[in-house]
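Have a look at the structure below, then the notes.
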Amino acid sequence: MIGLLLVRFDPLFGPNIFLKAPKSLDDELIQNIPSLIELPTKGVFIHIFKEIKTANLFFKQPNKFARGGYESFLITIITDIKTQISLMLANKLLEGFANYIINLEDAYLAFDYEPKDHKADLKKLKEIQNFFFSYFESIKPAIKTLEMAEHRYQALFQAARDAIFIINRDTGVIIDVNREAERLVEKTREEIIGIEALELNLFDEGLVDPNMIKHLIDQPPPIISRIKESTGTLLYLEVSVNEIKLGEEFYIQYLFHDFTDVYSIEEKLKGHAKKIDTLNEFISIANQATNLTELLNKTINSIIDFLNLKGCCIYLVDKIQNIASIKAHKGLPQFFFENNNNIDINENPYKIVFSQGVALFNENFPGFIKQFFKGYESISCAVIPLFSKFKIIGSINMIFYDRTNISNEDMELIISIALEIGTAIDKLKNQEELTQSEAKNSILLKHIPFSIFRISLDGIFLDVQLEKKIEKIFDFASSTSNFIGKSLYEILPNDIAEEALANIEQSLETRESVEMKFRIPYKETQVIFRSDIVPIGKNEVLVFLRNLTRTWELA
């Protein structure tokens, strides 16, 4: 700590230094500090002048001579630039002195007031001077103690697992954040501090409006949803709000707890037995469906029954063509398909659902949601994205009979259902694609002109895919079971088996493929084979065996 200043705004001469400690404090070092009293702000703030850092607190003291009945003061702590001092620490250090002056009876008598021809009462002046210098001596050791406490607080603040933002209540400007907050909004501390909260997609009017803030403080923490910009994934965040007063300023502390996991949402719905039963019903549908068509149709029927819908359809996204098509529906007229099928997921307004994962309910985005239901004049409707892990695979589009207001709990349940169904749809799509791929591979394998063997390090056949013509050479090659479990020495002549085993060992040791050619006697000639030995693990190889002898020579 370098010093302590008390600045008074004189009605004739403007701001001037009334008291300083120590008295030897360099005037040149502090000459610009009084000008801070004219800043359009209030309460506690930090300001830096070249090599010094100042912690400042505005306060007003009753004065019957002053216009408006009050005059302005600034109490300032001067430290070196490296001193770690926050608004909270500054407020703790300065508010004691400010409260003393404010509450001191007839404190205004200690000051000259020329417009009223009033001269300072020396006794009252001495009383303030004595307190000022004793306060200076008392806070010097306190600064070290509070600085240590501040370091501990900052360590805890930065290590917190929740994202924390501290915002000026009246201006909406962000004054501090922790590391989790940086990660959440994917910006650096330097990019965040000093901007208005509404510049971040994380905040909206409902979170920063002073009237809503009071409601948020008094009520259980709400859960909001936001899109993570880098991945496009949907986040569920529980928001806790606290109000902090520093001097005359009020600050709001926001804690965002990541509540994305669907099971966390389910936990919050445990007290609602009917809703849990409903969710379990959809989970059961998702788990028991054996094919995609069955899953989609059962989902449509259950959603219509659960929400008493007039109509419903499920879109699935084709990422290759960048379109979303209707794959299941019920209760929709023909014109709906003519106007709303095969939509471009990258065009507005469709990308807000299929790229950004935003759920549309009734009139929250009236200009957007109408585009999903072309042909209808006015309806109560909703569009819910279908998620599978970290991607959007489609949507559930719903039409209600009457104007329907969906509660937050019902909205959470519907989104939870969409998460479960989306995951199940993606799983079945992958299974069907895998089955088709395996069928194609099976056809290809049957027509490739070579045989494939999986063989262990010690020369045991583990798996076999035989080429048809090899049956002419090996009498027992009509079935793969004649190979599996047998040794190379049981299939090949000893010298060839021994060479093959050596090549297998070499391939596994060097992690490179090895080529081997050998001959097998057949009738009155010899069949020439080439094998490519490829390592596939620590103890196994794949052997691709091809007959190099011309077909007519074997006839």
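Each value in this text was obtained by applying a stated rule to the coordinates, not by laboratory testing. What you see is a predicted model; the values in this text were computed from it and never measured. As a convention, Cβ positions derive from the backbone with ideal geometry for all residues, glycine included, and neighbour counts pool all protein chains shown.
Just a few scattered comments:
- The range 30-64: trypsin sites (Lys or Arg not before Pro) in DSSP loop, at most 12 other beta carbons within 10 Å: Lys50, Lys64
- Considering only alpha-carbon pairs that sit under 8 angstrom and 6 or more positions apart, the relative contact order computed for the range 20-79 is 26 percent.
- Sites listed here are chymotrypsin sites (Phe, Trp or Tyr not before Pro) in the range 1-60 whose DSSP assignment is loop and whose Cβ has at most 13 other Cβ atoms within 10 Å: Phe13.
- Cα gyration tensor, the range 3-158 - rounded (a/c under 1.5), prolate or oblate: prolate
- Across the chain, Cα pairs under 8 Å and at least six residues apart give a relative contact order of 7 percent.
- Once backbone amide H atoms are built at 1.01 Å from N, Ile227 has Leu235 as its partners under 5 Å, excluding neighbours fewer than 5 places away on the same chain.
- Fraction of antiparallel bridges per DSSP, the chain only, in percent to nearest 5: 100
- Using alpha-carbon coordinates, inclination of helix 408-447 to the longest axis of the chain, degrees: 30
- Karplus-derived 3J(HN,Hα) values for the range 52-64, using 6.51 cos²θ - 1.76 cosθ + 1.60 with θ = phi - 60°, are 10, 10, 10, 10, 10, 9, 6, 8, 10, 10, x, 8, 6 Hz; glycine and proline are entered as x.
- Loop sites in the range 305-373: trypsin sites (Lys or Arg not before Pro), DSSP, at most 16 other Cβ within 10 Å: Lys319
- Residue-wise HN-Hα couplings along the range 226-240, as the Karplus relation 6.51 cos²θ - 1.76 cosθ + 1.60 with θ = phi - 60° gives them from phi, are 9, 9, 6, 4, 6, 10, x, 7, 8, 10, 10, 10, 8, 10, 9 Hz; Gly and Pro carry x.
- Per residue, the average separation of C-alpha pairs within less than 8 Å and at least 6 apart gives the range 476-527 a relative contact order of 18 percent.
- For the chain, the longest principal axis of the Cα atoms and the long axis of helix 122-159 meet at an angle of about 0 degrees.
- Under 5 Å, built H, 5+ apart or other chain: amide partners of Lys53: Thr79, Asp80, Ile81
- Per-residue 3J(HN,Hα) values for the range 100-112, derived from phi via the Karplus relation 6.51 cos²θ - 1.76 cosθ + 1.60 with θ = phi - 60°, read 4, 5, 4, 8, 5, 5, 6, 4, 4, 5, 7, 10, 5 Hz in sequence order (x marks Gly and Pro).
- With loop membership from DSSP and a limit of 13 other Cβ atoms within 10 Å, the longest segment of the chain without GluC sites (Glu not before Pro) is 378-511.
- The chain: angle of helix 494-510 to the longest principal axis, Cα-based, in degrees nearest 10: 10
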